[in-house]
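Following: one structure in structure tokens, then a few remarks.
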Amino acid sequence: MKFEYLFIAMFVLVLGNLLWRYLRNGSIAGAMLGGSIRREVGEVAITSGAMSSRNLKVHAMESPEEGQFVALVLVSKAPLGAGMMPIKLSKSQAQALAELLRQAVL
């Protein structure tokens, strides 16, 4: 019986923490990465079908602890589900990725 209460308490704590971070940062990506979105830079459609889609979003973000950083968010949508995978990059990591992408398209 005590194990059930412990499980429920842990679930409520995790959910409460995520909700608090969402309210503080204003977005799910901000809640997961620990910052607020300064601006949405753009979006690239990776796949687009009749039933599902996948997009890569680029955000300029900042946090009081870490300063400015770049967020890449892979968003997948389908009729019975959706998912997102945020990736946090420092400015130097974002510049290195941009250079690698430039080299790849040459």
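The values are calculated or read from the model by the stated rules, or taken from the named source; none is laboratory data. Note that the structure is a prediction, hence the values are computed from the model and not measured. Note that each Cβ is placed from the backbone with ideal geometry, even for glycine, and that neighbours are counted across all protein chains shown.
When the residues of region 60-96 are narrowed to those that are polar (S, T, N, Q) and touching a Lys or Arg at 6+ places or on another chain (Cβ under 8 Å), which ends up nearest to Ile46 (Cα to Cα)? Steps first, please.
So in region 60-96, the residues polar (S, T, N, Q) come out as 63, 68, 76, 90, 92-93, 95.
Those left that are additionally touching a Lys or Arg at 6+ places or on another chain (Cβ under 8 Å): 68, 76.
On the way: Gln68: 26, Ser76: 10 Å.
The extreme case among them is Ser76.
Per-residue answers, yes or no, for (1) in a strand (DSSP E or B); (2) under 19 Å from the mean Cα position of the chain (by Cα):
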| residue | (1), (2) |
| --- | --- |
| Ala50 | no, no |
| Ala60 | yes, yes |
| Glu65 | no, yes |
| Gln93 | no, yes |
| Ala96 | no, no |
| Arg102 | no, no |
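Taking the conditions exactly as written (under 14 Å from the mean Cα position of the chain (by Cα), at negative phi and assigned to a helix (DSSP H, G or I)), does Arg21 satisfy them or not?
Working: under 14 Å from the mean Cα position of the chain (by Cα): yes; at negative phi: yes; assigned to a helix (DSSP H, G or I): yes.
So Arg21 passes the test.
Given the structure, is Arg39 at pLDDT 85 or above, under 16 Å from Ser63 (Cα atoms) and not in a loop (DSSP other than H, G, I, E, B)?
Here the answer is yes, as Arg39 does meet what is asked.
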Going residue by residue through region 2-14, is there one that turns out to be exposed (fewer than 12 other Cβ atoms within 10 Å of the Cβ) and either among the acidic types (Asp, Glu) or within 27 Å of Gln95 (Cβ to Cβ) (or both)? yes
